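J.: Encoded as structure tokens, here's the structure I'll be asking about.
The values are calculated or read from the model by the stated rules, or taken from the named source; none is laboratory data. What you see is a predicted model; the values in this text were computed from it and never measured. Cβ placement follows ideal geometry from the backbone for every residue including glycine, while neighbour counts extend to all protein chains displayed.
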Amino acid sequence: MMTSHARWAVFRFFTITGFLLLSLSFQAKAITLNFQGLNGTVISFGTNSTFGFTSTNGYQFSISSSDGVQDSVGLNGYVSPSGPFVIGTIQTFGSTETAPVTGSSTLHITDTNALDLTGSIEWDTITTVSGGAVTEITGELNLTAIAYSGANSDLNALKAAGAATDDITLHFSPAETLTQLASGGGQTAYSGTIFAVPEPGTWMLVAMGTSLGAFFRGRKQLRRQGDFSKKVEPTVRIELTTYGLRNRCSTS
């Protein structure tokens, strides 16, 4: 049966873990920014398995909504360079075609004080799903090394997350497969979402590591206490003397 000291050690382990995870969750929060291509801008596919973004007045998209303070809504942004990004080998799974994309850029979102949030973008994949007369295309990107020195709350939340994923969505009507776009070209408007959330694995490792350390320190202390609290069993020696039997007790 678990002793009171052992129960206290287990309770302390779970309490410390809970408090660590709770405090870390307050320090870093998720943020979602939705964006839309500016009027007159498109994503353009070439005939050599490449694509890129067009700009107007140096900008390509605008933040359309946010689940944060929403002070980023209306801010404009762009990626530089805007292309070309290279479509790799296309794989087909029924009505779905997917391919890796090679290319990197720097994301810029400019606040009202002309300060830019920046981050490194690496393309991951591009996928087309054909359904009837419309093709939906999704591009996935990874955003890292986010930097910002301004006061915009939404942009600071994005910076605090440290990394994000970026999904770009576009539609072609009439429908075109990724194979057709890679070889025949085309262009269309686009929208997307930047979703940033702190890595839960990092917070878990920090919390579990600290808590496990406290737990094992508690176990070590319990073992020491157990060593000191062991009962010393007396031994009885019977000696035969010239005067008869005599009992002698010792603690050795």
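J.: With (1) surrounded by 15 or more Cβ atoms within 10 Å (Cβ to Cβ); (2) more than 17 Å from Y190 (Cα to Cα) as the list, and Q60 as the residue in question, which single condition is left unmet?
T.: (2)
J.: Do the conditions hold for G132, that is, is it among the small types (G, A, S) and at positive phi?
T.: Details: among the small types (G, A, S): yes; at positive phi: yes.
So G132 passes the test.
J.: Here are some residues: A99, A161. Which one is farther than 18 Å from G37 by Cβ, crowded, with 17+ Cβ neighbours inside 10 Å and under 22 Å from the mean Cα position of the chain (by Cα)? Spell out how you get there, then give the answer.
T.: Details: A99 fails: under 22 Å from the mean Cα position of the chain (by Cα).
Among A99, A161, only A161 is farther than 18 Å from G37 by Cβ, crowded, with 17+ Cβ neighbours inside 10 Å and under 22 Å from the mean Cα position of the chain (by Cα).
J.: I'd like to verify a number: residues in the range 102-125 that are under 24 Å from the mean Cα position of the chain (by Cα), among the hydrophobic types (A, V, I, L, M, F, W, C) and exposed (fewer than 14 other Cβ atoms within 10 Å of the Cβ), how many?
T.: Number of matching residues: 0.
J.: Failed condition for G74, given (1) under 20 Å from N34 (Cβ atoms); (2) modelled with pLDDT under 95; (3) out of contact with any Ser or Thr (no Cβ under 6 Å at 6 or more places or on another chain), with all others met?
T.: (2)
J.: Separate question: Among the residues of the range 47-63, what is the count of those that are over 17 Å from H108 (Cβ atoms) and touching a strand residue (DSSP E or B) at 6+ places or on another chain (Cβ under 8 Å)?
T.: Filtering the range 47-63 for residues over 17 Å from H108 (Cβ atoms) gives 47-51.
Checking the rest, the ones that are also touching a strand residue (DSSP E or B) at 6+ places or on another chain (Cβ under 8 Å) come to 49-51.
The total comes to 3.
J.: Identify all residues within the range 117-167 that are of a type in the set (D, E, K, R) and within 24 Å of S44 (Cβ to Cβ); write none if there are none.
T.: Keep residues of the range 117-167 that are of a type in the set (D, E, K, R), which gives 122, 124, 136, 140, 154, 159, 166-167.
Scanning the range 117-167 gives E122, D124, E136, E140, D166, D167.
J.: Considering only the range 125-135, state which residues are of a type outside the set (A, V, I, L, M, F, W, C) and either modelled with pLDDT of 95 or more or not in a strand (DSSP E or B) (or both).
T.: Taking the range 125-135 and keeping what is of a type outside the set (A, V, I, L, M, F, W, C), we get 125, 127-128, 130-132, 135.
Residues satisfying the conditions are T125, T127, G132.
J.: Separate question: Please work out if S72 is over 17 Å from G119 (Cα atoms), in contact (Cβ under 8 Å) with a residue 60 or more places away in the chain, buried (at least 20 other Cβ atoms within 10 Å of the Cβ) and in the same structural domain as A114 (by TED's automatic domain parsing).
T.: Values: over 17 Å from G119 (Cα atoms): no; in contact (Cβ under 8 Å) with a residue 60 or more places away in the chain: yes; buried (at least 20 other Cβ atoms within 10 Å of the Cβ): yes; in the same structural domain as A114 (by TED's automatic domain parsing): yes.
Considered against the rule, which asks whether it is over 17 Å from G119 (Cα atoms), in contact (Cβ under 8 Å) with a residue 60 or more places away in the chain, buried (at least 20 other Cβ atoms within 10 Å of the Cβ) and in the same structural domain as A114 (by TED's automatic domain parsing), S72 comes out as no.
J.: Give T144, T165, T138 a once-over and let me know the one that is in a strand (DSSP E or B), out of contact with any Leu (no Cβ under 9 Å at 6 or more places or on another chain) and in the same structural domain as T179 (by TED's automatic domain parsing). Explain how you work it out, then say what you get.
T.: Details: T165 fails: out of contact with any Leu (no Cβ under 9 Å at 6 or more places or on another chain); T138 fails: out of contact with any Leu (no Cβ under 9 Å at 6 or more places or on another chain).
Of T144, T165, T138, the one residue that is in a strand (DSSP E or B), out of contact with any Leu (no Cβ under 9 Å at 6 or more places or on another chain) and in the same structural domain as T179 (by TED's automatic domain parsing) is T144.
J.: With the range 62-112 as the region, which strands (runs of 3 or more DSSP E) entirely inside it contain at least 2 residues that are hydroxyl-bearing (S, T, Y)?
T.: Details: elements: 76-80, 85-87, 91-93, 96-102, 104-110.
Of the strands (runs of 3 or more DSSP E) lying wholly inside the range 62-112, those with at least 2 residues that are hydroxyl-bearing (S, T, Y) span 76-80, 96-102, 104-110.
J.: In the range 164-219, which residue that is more than 29 Å from G37 (Cβ to Cβ) and of a type in the set (S, T, Y) is modelled with the lowest pLDDT? Quick ask: steps written out before the conclusion?
T.: Quick first cut of the range 164-219, residues more than 29 Å from G37 (Cβ to Cβ) only: 199-219.
Retained after the next criterion (residues that are of a type in the set (S, T, Y)): 202, 210-211.
Values: T202: 45, T210: 51, S211: 52.
In this case the residue turns out to be T202.
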